Amino acid sequence: MKDRGRRKINQSLNTGIAQKIKQIRNSVGMSLQELSQKTGLSMTFLSRLENDKANISILNLRAVANALGVSIASLFSDDQRSQIRYSKAGQRRKMILMVCEGKKVTEEWLLPDSNVKLEPAVVSLPPGTNGGPPFSHEGEEFVWVLKGSVRFHLGSEVFNLEQGDSLYYPATIPHQFFNDTQKKSLLLFVATPWSF
């Protein structure tokens, strides 16, 4: 089965996956021939995969996981799982960015810690508030308007963003945002590197 044009698993992740596939296949008593029949992948390819001499596409990885009766996530090594971050709604850290005319502008961090390369957060802007004075820092930022609308200043340029609109910019450009409406606005910010 050819994988051309399909997204492949990162080579550094492949080693752990190869070991897990072989371990699970052996634990359920399945031969390479049986796995080949269930997935439509050749025995040669599967053998090379288990010996870390072949890469696998996500589509084929799903077929292997289904044939083994496991989830794709279970094929990742424990070390890879330690890199996964899960954040439950209602249990995230919130910070008051500023108080504007008695209204709190808040930022909710969507990841539980700062040991990652990006910083996703939701900023809540009550009506008639802003995110503070123009600000610049190292890195990059992406903004997506989840609800409402905002006026976004990037240097001397002004962008009027509505729900569903997005904006990317180098964070070294001074940036500032305003909610000029009578309704609350919610913005998803993703910044890299982590800045707070």
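Among the residues of region 141-196, those identified as in contact with a Lys or Arg (Cβ under 9 Å, 6 or more places away or on another chain) and among the basic types (Lys, Arg) are Lys147, Lys183, Lys184. The residue of region 29-63 that is surrounded by the fewest Cβ atoms within 10 Å (Cβ to Cβ), among those that are hydrophobic (A, V, I, L, M, F, W, C) and at pLDDT below 90, is Leu59.
Filtering region 139-156 for residues that are closer than 16 Å to Pro193 by Cα and not in a strand (DSSP E or B) leaves a non-empty set.
Of all the residues in region 115-138, those that are assigned to a strand (DSSP E or B) and surrounded by fewer than 19 Cβ atoms within 10 Å (Cβ to Cβ) number 3.
The values are calculated or read from the model by the stated rules, or taken from the named source; none is laboratory data. None of these values were measured; they are calculated from a predicted model. Note that each Cβ is placed from the backbone with ideal geometry, even for glycine, and that neighbours are counted across all protein chains shown.
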